[in-house]
Amino acid sequence: MWTRWWLWPLVAVCTADFFRDEAERIMKDSPVIDGHNDLPWQLLGMFNNRLQDARANLTTLADTHTNIPKLRAGFVGGQFWSVYTPCDTQDRDAVRRTLEQMDVVHRMCQMYPETFLYVTSSAGIRQAFREGKVASLIGVEGGHSIDSSLGVLRALYQLGMRYLTLTHNCNTPWADNWLVDTGDGKPQSQGLSPFGQRVVKELNRLGVLIDLAHVSVATMKATLQLSRAPVIFSHSSAYSVCASRRNVPDDVLRLVKQTDSLVMVNFYNNYISCTNKANLSQVADHLDHIKEVAGARAVGFGGDFDGVPRVPEGLEDVSKYPDLIAELLRRNWTEAEVKGALANNLLRVFEAVEQASNPTQAPEEEPIPRDELGGSCRTYYGYPSGASSLHRQRGFLLASLAPLVLCLCLL
């Protein structure tokens, strides 16, 4: 009897080692493509984008979730690097900030060519896999980065943008963000405005992945119904497991299944457990739920490393991916399902987006209506002269009233 009790811990250890070994075996052949990593934002905050600063060396970089040794240990073979600029840049310097962060990604790849391969296509990802490098793609996080301009959208595409998150934590003039669903924001577009629909169509035409992380449920549904290609949630989890409005509800998961789209699970504690603490097993619960509702083809990983202040116990940095894969194997995920979540699901969606693109089709040209734009520093060249004339008339009226106001104040 006592011999049996002594054996149980040994059996548990051997079983754990088996699943970890299996995870590594699978990942050597099919490394993980992660949908969202904010290392470029950390490089801005820590070094003001000065990558030649000795402290910014990505081989020895400390105090971040991500560096080159950790990427290698985690079998990360593809990474969408987040090009992020906060909502307070909207109607101000969002485009400039976006360009600077895109430049950081390009320079990372140039400085570490033995590790990173800058790519813009599904074929490029497969090439990076063959070369044993990290396929590095650009995801622009927040529709405010295009400043409500289809021309800017196309320019960002030419510079390498391969997904656009339609909103961040703020509405754009053409799409609503997730805080609308919490009551902390007011809906403006009821999902997508007519201009927002043109943005979606142009993204389809170009072959850019549409990312629905951070958007309202109405925006999710409107986009899923309109898009001619599958979409992604680059870093969102399951609402039924953790009732945060940043997560994806089951009715939307069913639309994800219908459209052959993809949810890449976010690891932020507050979106995993709805508390400040979470663990690896709870992340696996989200993956299980999405697989159950939307199917194994709908599951991916978007850890949000270096973009969140708290990550689960057992997933402290990007090196821990094999432990999560071992947990899925322990839960009887098949090897094919695991390979799908690691890379094949994202590759399938990306290829479908590329196939649905039509660069020879005439681009969307109709600009956003003048009265939907915000910002006091904006010029309005190209809009009907009536709008400019009205603007000048208002300025003249205010100037005329100024002496009268001054006189009244002196009385």
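The values are calculated or read from the model by the stated rules, or taken from the named source; none is laboratory data. Owing to the predicted nature of the structure, the values given are computational and were not obtained by experimental measurement. So basically every Cβ, Gly included, is an ideal-geometry build from the backbone, and we count neighbours across all protein chains shown. Heavy atoms of the whole protein, side chains included, go into the accessibility calculation; ligands, DNA and RNA do not. Shrake-Rupley method; radii C 1.70, N 1.55, O 1.52, S 1.80 Å.
Brief remarks on what is shown
- Search result, residues across region 297-316 that are of a type outside the set (F, W, Y) and either buried (at least 19 other Cβ atoms within 10 Å of the Cβ) or at pLDDT below 95 (or both): R297, A298, V299, G300, G302, G303, D304, D306, G307, V311, P312, L315
- Residue list for region 98-127, filter: open to solvent by 40 Å² or more (accessible area, probe 1.4 Å) and either of a type outside the set (S, T, N, Q) or assigned to a loop (DSSP other than H, G, I, E, B) (or both): L99, E100, D103, H106, R107, M111, P113, E114, Y118, T120, A123, R126
- Hits in region 220-253 - residues which are open to solvent by 60 Å² or more (accessible area, probe 1.4 Å), in contact with a helix residue (DSSP H, G or I) (Cβ under 7 Å, 6 or more places away or on another chain) and more than 27 Å from L280 (Cβ to Cβ): K221, R228
- Extreme residue, farthest from F305 (Cα to Cα), among residues of region 14-56 that are open to solvent by 60 Å² or more (accessible area, probe 1.4 Å) and either among the hydrophobic types (A, V, I, L, M, F, W, C) or not in a helix (DSSP H, G or I) (or both): C14
- H65 part of a loop (DSSP other than H, G, I, E, B) and open to solvent by less than 60 Å² (accessible area, probe 1.4 Å): yes
- Options R198, R162: the member that is in a strand (DSSP E or B) and open to solvent by 10 Å² or more (accessible area, probe 1.4 Å): R162
- For region 42-92, the set of residues classified as aliphatic (A, V, I, L, M) and farther than 27 Å from V338 by Cα consists of L43, L44, M46, L51, A54, A56, L58, L61, A62, V83, listed by residue number.
- Inter-residue pairs, beta-carbon under 6 Å, first closer than 11 Å to A218 by Cβ and in region 174-189, second among the hydrophobic types (A, V, I, L, M, F, W, C) and open to solvent by 10 Å² or more (accessible area, probe 1.4 Å), 6+ apart: A175/L192; N177/C170; D181/V217; P187/V180
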